[in-house]
Amino acid sequence: MESSSMVDTSNASENPSADGTTPQTVTRIVSTTIVLSSATPAASPAVVVSSGESVYRMIINRLANLEANQTLYARYFEEQGKMVNFRLERMEEDIGRLAAVVTSQQRNVAKIIEKHKAEIEYTQEQLVARVDHLAHEVRNPNSEPGGRS
């Protein structure tokens, strides 16, 4: 990792403001950090321009750094895309398992409902038979208590 800082001190007194006052000196620190992976092709480190080095060489070095960083960004986004795809596949698997569980639960609930429905129908038939028997006894009070006439 290469890091460089530059301090830009500009004297604002050279540019008076519109109201005629002279602002104070402004100090600005510009920091640049370049991170290069060991897997990247040989890229030149942060540019240090000496007084004898040409502007052309500085531009070439900065372009090389930008190309190396662009490669790093491309790899980063490619890896992020792979991770997103992996997570989506896992979510699809989880959704499939959940769907299977829901289907199984629906079958179990349907069986329970059918069982209760059969029990209710049986109980209803028993009650109807008793009511019919009692109605018959009320209509024929001379009949035997066993239900036979």
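Brief remarks on what is shown
- Selected residue [more than 29 Å from the chain's Cα centre (by Cα), among the charged types (D, E, K, R) and modelled with pLDDT of 95 or more] from GLU125, GLU92, GLU144, GLU137: GLU125
- Residues that are charged (D, E, K, R) and open to solvent by 100 Å² or more (accessible area, probe 1.4 Å), drawn from segment 109-138: LYS111, GLU114, LYS115, LYS117, GLU125, ARG130
The values are calculated or read from the model by the stated rules, or taken from the named source; none is laboratory data. Source: prediction; values computed, not measured. The accessibility values were calculated without ligands, DNA or RNA, using every heavy atom of the protein model including side chains. Shrake-Rupley method; radii C 1.70, N 1.55, O 1.52, S 1.80 Å.
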